[in-house]
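Down below is the structure, laid out as C-alpha cells.
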C-alpha cells in the first residue's frame, strides 16, 4: 500500500466507504461506473492499493476511503507473462496454486497465495497444456477435450493441473459456489452500522 495512502488513513480514519462504483471484469479490467479505466497511472495506483477486509470484501484504498469492488467472478484475474508464469491482473507473480476448479462455462478458477483467481480466457489454451491425467501423462488433444468436457459437465475426470513443480486436482464446480468456497464477496455492500456512500 502506498505510504501517502497510509498517512491519509491515519489522518482521516472514518471516511465513509463507497459501494457500486468500482468493478473488475472477467479479463482484469477496472471499471468505474461501468466505464473502463484506461489511464495507466490510475490502473497501477488501484493495483498497488487493492486488498480485502476480514469479511472477504475486496476494495481499492483511495486515500482514506475504501472503494469496494464488484467482481465479475473472482478478486484476481491471472495472465501469463513472457515466461509462461502466472501473474495477477495487477502484475504480481503467482508462486503456488493450492486448488483448481472448472465451472460449466469452462472458466478455470485457481486458489493461489493471493486468493481466488480466474484464468484470463485468452490464456486457457496454454494453460490446458499443464493438464495431465491421474498417472501424470499429458492426454492427446482429443482425450483432453473429452476429459475437460466431462469436468464442465460436473464430473471428476481425474485430471490434474501442474504449476511451478506442484500438481493439484482439476475438479468440477458450480460458478455460484466458488465465492463461498473461497471466502470472498462478489457484490459487496455496507455492513450494519457501517457508513457508506452509494
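Taken together, the values in this text are just the output of simple stated rules run on the coordinates, not laboratory data. Bear in mind the structure is a predicted one, so any value in this text is a computation, not a measurement. So basically every Cβ, Gly included, is an ideal-geometry build from the backbone, and we count neighbours across all protein chains shown.
Some notes on this structure:
- Of the residues 125, 155, the one with the fewest other Cβ atoms within 10 Å heads the list, and the complete ranking is 125, 155.
- Binned Cα-Cα distance frequencies in region 145-198 - 10 Å width, integer %: 19, 31, 26, 11, 12, 0
- Of the peptides 66-76, 143-153, the order by per-residue mean of other Cβ atoms within 10 Å, starting with the highest, comes out as 66-76, 143-153.
- Placing R0 at 41 angstrom, the Cβ-Cβ distance between residue 48 and residue 104 gives a FRET efficiency of 0.75 after rounding to 0.05.
- Packing-based order for 173-180, 108-115, using average beta carbon neighbours within 10 Å, highest first: 108-115, 173-180
- Share of alpha-carbon pairs per 10 Å distance bin for the chain, given as whole %: 9, 33, 32, 17, 8, 2, 0
- Diffusion coefficient, µm² s⁻¹, Stokes-Einstein with Kirkwood Rh over alpha-carbon pairs of region 76-181 at 20 °C and 1.002 mPa s: 156 µm²/s
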